[in-house]
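J.: Before I ask anything, here is the structure I am working with.
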Amino acid sequence: MKKKIYLIQPSYKDQNGKLLKGKKLYIISLTLPTLSSIIPDDWEKELCYEYFEDINFDTDASVVGISSMGYEIFRGIELADEFRKKGKKVIFGGFQSHISRDYLDSHCDSVVHGNPGLKDMTKILKDVESNTLQKNYYCKPNLNYKIDYKALDTKKVFFTPVLLNVGCYNHCDFCCISSIYNGKYYLRKFNYLVEELDYLHNSTRNIAFIDTNIYNNREYLIKLCKVMIERKYNFVWGAQCTINIGEDIETLTLMRKAGCKVLFIGLESIDQQNLNYLNKNYNADSYQQKIANIHNAGIKIAAFFI
């Protein structure tokens, strides 16, 4: 078998069945650059963001990896079925694949759960070679490596994705992140993050921290902002976080100085009974003051509700 893997981020189809394609996106998944970083050196790799380019159904790769965070999984299944007809081994990964693992059973050879590192990916591909590929691989979060940003053309996205951590310390009942990480989060080693920012500083001014909650660890966030200010990156950026950051004037001030312009915050409801029902441990009566503090720091809010 040829030791080559074809990594695909599928696009979506609209309500009329038309595949969505284009030249530029507002933001994009970081999956392909991340996976590219952990493919063993003795394996070749080919990458495809389907939104930008056509699928290479004639690839000579023996393994096809498909990542899905949401309803693009339906397009991923179509691709998986086609590649399996050609004798390829198909492996799924991503949040939606984890949640839909039983549904995927007849469409792929394996599902990877969690955030694999180099050791995990080496094991999986060795199992492919020995024809002992398992139906499921459960990997502990491992993001302590430098992400391969050469796998992403920053000119094709308005905001280049950057990652500090995965998971969240909250246990909100409605959230898929809570169901996967069980109220835990995992920070990346700081030196990898700074190396990536050094690299991106030369290719783009606009970035987006795609963590579920950038405020998981206050000390880490403060350290990051101070480094961004000291190194004069001049990035314009946004991030997702929880509303309790509105209590932290010091951190908000540093974030704004470091280039933060907008925070994406899931308020979910202004009815306390609804918040309690969702196990979202925040006080709706405090929202107004916290929002005012964020605005006063010079940061806009994109609020989300259920």
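The values are calculated or read from the model by the stated rules, or taken from the named source; none is laboratory data. None of these values were measured; they are calculated from a predicted model. All Cβ positions, even for glycine, are placed from backbone atoms using ideal geometry, and neighbour counts span all protein chains on display. In case anyone asks, the SASA skips ligands and DNA or RNA and just uses the protein heavy atoms, side chains included. Shrake-Rupley method; radii C 1.70, N 1.55, O 1.52, S 1.80 Å.
J.: Given a Förster distance of 41 angstrom, what is the FRET efficiency for Lys119 paired with His295, based on the Cβ-Cβ distance and rounded to 0.05?
T.: FRET efficiency, Lys119 to His295: 0.35.
J.: Given Phe235, Leu193, Asn213, which one lies farthest toward the positive end of the charge dipole of the chain, if we put +1 on the Cβ of every Lys and Arg and -1 on the Cβ of every Asp and Glu?
T.: The Cα lying farthest towards the positive end belongs to Phe235.
J.: So if I restrict to the alpha-carbon atoms in the range 5-128, what is the Rg, and what is Dmax, the biggest pairwise distance, in Å?
T.: In Å, with Rg to one decimal and Dmax whole: 13.7, 42.
J.: Just from its helices, what would the mean residue ellipticity at 222 nm be for the chain, if runs of 4 or more DSSP H residues each count -39500 (n - 2.57) and the sum is divided by every residue, rounded to the nearest 500 deg cm²/dmol?
T.: On the way: 11 runs with 96 residues, N = 306.
So the calculated ellipticity at 222 nm is -8500 deg cm²/dmol.
J.: Using only alpha carbon pairs under 8 Å that are at least six residues apart, calculate the relative contact order of the chain and give it in whole percent.
T.: 13
J.: Another question about this same structure. Out of all DSSP beta bridges in the chain, what portion is antiparallel? Express it as a percent rounded to 5.
T.: If we restrict to bridges inside the chain, about 10 percent are antiparallel.
J.: With a cut-off of 8 Å between alpha carbons and a minimum separation of six or more residues, what is the relative contact order of the range 1-55 in percent? Don't jump to the answer; show the numbers that get you there.
T.: On the way: 59 pairs, mean separation 30.1, N = 55.
Reported as a whole number, the value is 55 percent.
J.: Of the beta bridges DSSP finds with both residues in the range 1-160, what % are antiparallel, to the nearest 5?
T.: 5
J.: So which trypsin sites (Lys or Arg not before Pro) in the range 202-306 end up in coil per DSSP with only 10 or fewer other C-beta atoms within 10 Å?
T.: Those that pass, being in a loop and sparsely packed, are Lys232.
J.: Asp60 to Glu230: extension gain in nm, 0.36 nm per residue of separation minus the Cα-Cα distance?
T.: Numbers: separation 170, 0.36 × 170 = 61.20 nm, distance 4.70 nm.
Gain on stretching Asp60 to Glu230: 56.5 nm.
J.: Once phi is turned into ³J(HN,Hα) by the Karplus curve 6.51 cos²θ - 1.76 cosθ + 1.60 with θ = phi - 60°, what whole-Hz value does each residue of the range 206-211 show in order, with x for glycine and proline?
T.: Rounded to whole hertz, the list is 10, 9, 9, 7, 9, 4.
J.: Can you give me the Cα centroid spacing of the range 56-81 and the range 156-208 in angstrom?
T.: A separation of 24 Å, based on Cα centres.
J.: Can you list residues whose amide H is under 5 Å from Leu267's amide H, if they're 5+ apart or on another chain and H is modeled 1.01 Å from N?
T.: Answer set, sorted by chain and number: Phe304.
J.: Please flag any cysteine in the chain that has no other cysteine's Cβ under 4.7 angstrom from its own Cβ.
T.: Lacking a cysteine Cβ partner under 4.7 Å: Cys48, Cys108, Cys139, Cys168, Cys176, Cys225, Cys241, Cys260.
J.: A further question follows. Send over a whole-number figure in Å² for the accessible area per residue of the chain, probe 1.4 Å.
T.: Per residue, the chain has an accessible area of 49 Å².
J.: Place the peptides 31-41, 264-274 in order of packing, highest mean first, counting for every residue the other Cβ atoms within 10 Å and averaging per peptide. Write down the numbers at each step before the final one.
T.: On the way: 31-41: 19.1, 264-274: 16.2.
Result, highest mean first: 31-41, 264-274.
J.: Tell me which chymotrypsin sites (Phe, Trp or Tyr not before Pro) from the range 34-63 have a DSSP coil assignment and no more than 13 other beta carbons within 10 Å of their own.
T.: Filter output for the range 34-63: Phe57.
J.: Going by amide H atoms built from the backbone, whose H comes under 5 Å of the H on Asn115, apart from near neighbours?
T.: Under 5 Å from the amide H of Asn115 lie the amide H atoms of Cys139, Asn142, each far enough along the sequence or on another chain.
J.: Which aspartates and glutamates does Lys13 reach when only Cα atoms under 19 Å apart count, and residues fewer than 8 places away in its own chain are ignored?
T.: Answer for Lys13, where 19 Å is the Cα cut-off: Glu50, Glu53, Asp54, Glu72, Glu78, Asp81, Glu82, listed by chain and number.
J.: Here's another thing I want to ask about it. Can you tell me how much longer the chain between Tyr12 and Asn244 gets when fully stretched, taken as 0.36 nm per residue apart minus their C-alpha distance, in nm with one decimal? Please report the intermediate quantities before stating the final value.
T.: Working: separation 232, 0.36 × 232 = 83.52 nm, distance 3.44 nm.
The span from Tyr12 to Asn244 would gain 80.1 nm if fully extended.
J.: Considering every pair of different Cα atoms, what Kirkwood radius, in Å, is found for the range 123-177?
T.: 15.4
J.: How fast does the range 95-253 diffuse by Stokes-Einstein, in µm²/s, taking the Kirkwood radius from C-alpha pairs at 25 °C and 0.890 mPa s?
T.: 138
J.: In a solvent-free Debye calculation with one equal scatterer on each Cα, what is log10 I(q)/I(0) for the range 61-163 at q = 0.11 Å⁻¹, listed in the order of the q values?
T.: Those come out to -0.37, one per q.
J.: Now, a different point. Any idea what % of Cα-Cα pairs in the chain are farther than 24 Å?
T.: In whole percent, the share of Cα-Cα pairs in the chain beyond 24 Å is 56.
J.: With a cap of 13 neighbouring Cβ atoms within 10 Å, and only residues DSSP puts in a loop, list the trypsin sites (Lys or Arg not before Pro) found in the range 61-127. Please report the intermediate quantities before stating the final value.
T.: Numbers: sites: Arg75, Arg84, Lys85, Lys86, Lys88, Lys89, Arg101, Lys119, Lys123, Lys126; in loops: Lys86, Lys88.
For trypsin sites (Lys or Arg not before Pro) across the range 61-127 that sit outside H, G, I, E and B with at most 13 neighbouring Cβ atoms in 10 Å, the list reads Lys86.
J.: With an 8 Å cut-off on Cα pairs and a minimum separation of 6 or more residues, tell me the relative contact order of the range 1-137 in percent.
T.: It rounds to 25 percent for the range 1-137.
J.: When the accessible area of the chain is computed with all protein chains present and a 1.4 Å probe, what percentage of it is carbon and sulfur?
T.: Summing carbon and sulfur atoms, their accessible area is 49 percent of the total for the chain.
J.: Taking 4 °C and 1.567 mPa s as the conditions, I'd like the Stokes-Einstein D for the range 241-306 in µm²/s, using the Kirkwood hydrodynamic radius from alpha carbon pairs.
T.: 107
J.: Rounded to the nearest 10 Å², what accessible area does Glu78 show when all protein chains are kept and the probe is 1.4 Å?
T.: Rounded to the nearest 10, that gives 80 Å².
J.: For the peptides 58-70, 134-146, what is the packing order when you average, over each peptide's residues, the other Cβ atoms within 10 Å and list the highest mean first?
T.: For the peptides 58-70, 134-146, the packing ranking is 58-70, 134-146.
J.: Still on this model: Can you find, among Pro161, Pro116, Ser106, the residue farthest towards the positive end of the dipole of the chain? Put +1 on the C-beta of Lys and Arg, -1 on that of Asp and Glu.
T.: Ranked along the dipole, the leading option is Pro161.
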